[in-house]
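The values are calculated or read from the model by the stated rules, or taken from the named source; none is laboratory data. Just so we're clear, the structure is a prediction, and the values are computed from it rather than from any experiment. All Cβ positions, glycine included, derive from the backbone under ideal geometry; neighbour counts span all protein chains shown. Surface areas here come from the heavy atoms of the whole protein model, side chains and all, with no ligands, DNA or RNA. Shrake-Rupley method; radii C 1.70, N 1.55, O 1.52, S 1.80 Å.
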Amino acid sequence: PELRALLARRVDGVGRFRTDEDSVATVNGSGALSRAGIEFGNRLDLVTTDAWQLVTPCDAWTVHELVNHVVGGNIRYAMILRGDEPDAVLATHSVDSLGSDPVGAYRSSFQGVTEAFDSPGILTAKVHHPKSGPMTGAQLRVLRVNELTVHGWDLAHAIGANEDLDDGLVKWLF
């Protein structure tokens with residue numbers, strides 16, 4: 001809960017966040033996305049067969065439900081960046097995106113969303129998040145980094161792994 005409150009203190013959606021010292025730092029959003037994805041993936045690699053039904057601190061989801069949410073989020077964000085219709089994006093919420101290889105599904109979906117964010121001109125393009133409304137691709141990337149970071153912590157907490165977050169990533173989010 002405290003982490004969620006801290007990550008909500010974002011000043012704007014283009015990678016500028018207020019720190020405790022009230023300074024504003026601009027950082028590389030591509031690097032933040034990569035770091036957040038790697039952090040989540042590293043924790044996902046620690047999930048054992050019997051851990052998929054453990055409860056996480058996020059909405060009382062199980063580990064399976066949390067990871068499915070993250071994988072589905074990667075897929076949905078790629079859809080948003082492609083300009084898919086909001087109804088099509090929202091329809092994916094009820095899909096089990098993990099299949100028989102949850103780690104592979106995560107890696108594939110993260111590669112897909114990373115490639116979508118690397119598309120020429122996408123960061124300045126206007127996109128439409130079905131719940132948050134219109135924003136730039138850069139603002140959408142901030143949301144993705146935030147989600148990966150928060151849910152990486154949720155996953156670590158649920159499986160009893162190290163909950164420490166990457167200092168550079170946390171500074172970027174503040």
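See the values below:
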item	result
For Leu90, net neighbour charge (Lys/Arg +1, Asp/Glu -1) across residues whose Cβ lies under 12 Å away	-1
Span per principal axis, largest first, for the Cα atoms of the range 21-174 (Å)	43, 42, 24
Calculated FRET value between Asp59 and Ser100, using beta carbons and R₀ = 25 Å, to 0.05	0.50
Percent of alpha-carbon pairs separated by more than 16 Å within the range 68-130	44 percent
Debye intensity ratio in log₁₀ form over the Cα atoms of the range 120-169, taken at each q of 0.32 Å⁻¹	-1.13
Cβ-defined net charge surrounding Leu165, 11 Å radius [Lys, Arg +1; Asp, Glu -1]	-2
Carbon plus sulfur fraction of accessible area for the range 33-124, probe 1.4 Å, in percent	54 percent
